[in-house]
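Some notes on the structure that comes next.
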Amino acid sequence: VQLVESGGGLVQAGGSLRLSCVASGRSINVYNMGWFRQSPGKEREFVAGTSRGGTSTYYTDSAKGRFTISRDNAKNTVFLQMNSLKPEDTAVYYCAADPQWRGVVPEVSAYAYWGQGTQVTVSS
């Protein structure tokens, strides 16, 4: 499966962005899907994840209450709605797919397929 993210950009603190991840090559309904981010000098970290059917979602503490992950399996697309953005949310955001039959997990190593990333910059 190939993943392509879009929707990043420059936004002021308190603003919103909606990231999209479009998959091709295989239907995403066989994957748990996750959003990760990485800022300079830091390790890639889990932000949010959604189960195959979209019935279960998981968030890192910093994302809870501000970010919403969703998926449209019919359109082979995963979204990350980000509200109340903060400068510390500045990072490259990656979409990823976990092919294993298990619950959503936050470990980077669990995800076999990755997009190229989209830059999100939040100014203060």
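The values are calculated or read from the model by the stated rules, or taken from the named source; none is laboratory data. As the structure is a prediction and not an experimental result, all values here were calculated from the model. As a convention, Cβ positions derive from the backbone with ideal geometry for all residues, glycine included, and neighbour counts pool all protein chains shown. Calculation scope for accessible area: heavy atoms of the full protein, side chains included, ligands and nucleic acids excluded. Shrake-Rupley method; radii C 1.70, N 1.55, O 1.52, S 1.80 Å.
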*asked:* I'd like to check one number: the per residue accessible area of the range 6-72, probe 1.4 Å, reported in Å² as a whole number.
replied: 50 Å²
*Residue by residue, what Karplus-based ³J(HN,Hα) values in Hz, rounded to whole numbers, does the range 31-40 have, using 6.51, -1.76 and 1.60 with θ = phi - 60° and x for Gly and Pro?*
10, 6, 10, x, 10, 10, 9, 8, 10, x
*Given H placed 1.01 Å from N in the peptide plane, which residues other than close sequence neighbours of residue 113 have an amide H under 5 Å from its amide H?*
97
*Once you have the Cα-Cα distance between residue 12 and residue 112, take 0.36 nm times their residue separation minus that, and quote the gain in nm to one decimal.*
32.7 nm
*Using the beta-carbon distance between residue 83 and residue 105 and R0 = 25 Å, what value does 1/(1 + (r/R0)^6) give for FRET efficiency, to the nearest 0.05?*
0.50
*Could you give the C-alpha radius of gyration of the chain expressed as a fraction of 2.2 N^0.38 Å, taking N as the number of residues it contains?*
0.97
*First compute the accessible area of the chain with a 1.4 Å probe, then give the percent of it belonging to carbon and sulfur atoms.*
48 percent
_Per-pair calculated FRET efficiency, R0 = 25 Å: residue 60 and residue 24 via Cβ, rounded to 0.05_ = 0.35
